[in-house]
Structure formats: C-alpha cells, structure tokens
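Read the structure below first, then the notes.
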Amino acid sequence: MRVLTDFPIAYESYDHIEPKGTMVDNTHHKPFVDRVNELADGNKIKFADLGCSGGGLVKDFIDDGHDAVGIEGSDYSQRNKRAEWATIPDNLFTADITKPFFITDENNGTGMCEIITAWDVLEHIHENDLGVLITNIRNNLKTNGLFVASVALFEDFPHHVTLKERDWWISLFKRYKMLDAGPGFFGIEHMVRESSFYLVLKKV
C-alpha cells in the first residue's frame, strides 16, 4: 500500500512547527494487534495509523503479516530516520491529514482499509478541518470498516485545539455516516494510549 497526496506535510500544524510528539513517540502495543487478529479470524487485513509518529504500531501489524501504513504530518522522523522510519520506510508516509489523501494498492484501488486508527490525534485538529479529515477516513475505509481513536481532553496549548466530550465526537462522525460501533470490539486493555476516552466507529 502507499499514500497519495498533494499535501505531503502539515506545514500549518504545531505538530510540525514544534514536533514534540513525533520527536519521541514510537508506541508499540501488541494487545491491540492481537485483538484485531481475533476479529480478523485469521485473515490478512489492511491497516492505517494516522499520526503514526515513529511508526511502532505499523511495524507491529506488519510483523503479524498484515498490510499496514502510517501517516505522519511532520517530516521530523522521516528526515532523521528515527525509530521505525529506519526499518520500514516504504510503509510510512508524510501527509497533511486535513487535506485529501488516498491509501492505494498496486491497482490504484481505494477504500480498502479494514481498520484505521488515530491515537490522541483528533484533539490536535482544528474544528473547521475535521470535515475533511473524517471524509478522508471514510473514503479510505471499507464498508463496515472500523475507525478507532483515543481522544485527550487536557489543555496543551497550542497543540490541543479541539477539546470536546465523547458525545460531541459521536454526533459529528454520525453526520458522515460513521456510527458508534458499540462496546463489543475492544476493551480498555486493547487501547494503545491511556487517554480521556475512546471512539470505535463503523463506516455504514
């Protein structure tokens, strides 16, 4: 898989201007991958991680035999060949996720991902950019595909710019035909980050 975009870097984002997250983060979390393996019932899936920082979770999925890509708004880790950018560079991409992007395969197909994640990313996106982001998520998911996210509510100016409760996010995604998938998919122990709350949404 690869990522196509006309906007390879999120130049206006403070996560690029002051890239304190991607400078240090490289989260691995095998319990999440193991749970996805259970849900996939032995099938190979296509996975994407938005705001992937060092690419650790992407490598976890690749190591378990899945197709996986990560997208990071800053090119800091790419330029410095930090963390998994040195080990799986063909699976990690830079892109501004608030602008159109497409995850494609060798046949230029789109809308192929079974799961897309974003761990402590949504609160970094300005409210007026969320529509394009959610459209990107929807366009790159299969029907019935899942979007899984953690969302932080604590102040971290200027990086955290949209601090909203869970119900607000559920209502926003619903406008784009992304519905709350309910509690049956993941437990707290599977979630990649400890955060204020989590979203598990299904494309319908």
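The values are calculated or read from the model by the stated rules, or taken from the named source; none is laboratory data. All of these numbers come straight from a predicted model, not from anything done at the bench. Positions of Cβ are backbone-derived with ideal geometry, glycine not excepted, and every protein chain shown enters the neighbour counts. Just so you know, the surface numbers come from the protein's heavy atoms only, side chains and all, with ligands and any DNA or RNA stripped out. Shrake-Rupley method; radii C 1.70, N 1.55, O 1.52, S 1.80 Å.
Observations on the structure shown:
- The single residue among 99, 142 that is basic (Lys, Arg) and touching a helix residue (DSSP H, G or I) at 6+ places or on another chain (Cβ under 8 Å) turns out to be 99.
- Look at segment 27-43: where a residue is without any contact (Cβ under 8 Å) to a residue 60 or more places away in the chain and among the aliphatic types (A, V, I, L, M) and a partner is part of a helix (DSSP H, G or I) and surrounded by 17 or more Cβ atoms within 10 Å (Cβ to Cβ), sitting 6+ places away or on another chain with Cβ atoms under 7 Å, you get 33/60; 33/61.
- Residues in segment 177-193 that are touching a residue at least 24 places away in the same chain (Cβ under 8 Å), farther than 17 Å from residue 33 by Cβ and surrounded by fewer than 16 Cβ atoms within 10 Å (Cβ to Cβ): 177, 179.
- Of all residues in segment 142-170, those satisfying the criterion of being open to solvent by 60 Å² or more (accessible area, probe 1.4 Å) and either of a type in the set (Ser, Thr, Tyr) or outside any loop (DSSP other than H, G, I, E, B) (or both) are 142, 143, 144, 166, 167, 168.
- Within segment 36-83, tally of residues that are under 15 Å from residue 16 (Cβ atoms) and either open to solvent by 50 Å² or more (accessible area, probe 1.4 Å) or acidic (Asp, Glu) (or both): 6
- For segment 97-110, the set of residues classified as assigned to a loop (DSSP other than H, G, I, E, B), modelled with pLDDT of 95 or more and surrounded by fewer than 23 Cβ atoms within 10 Å (Cβ to Cβ) consists of 98, 99, 100, listed by residue number.
- Evaluated against (1) in contact (Cβ under 8 Å) with a residue 40 or more places away in the chain; (2) over 12 Å from the mean Cα position of the chain (by Cα), residue 111 falls short on exactly one condition, (1).
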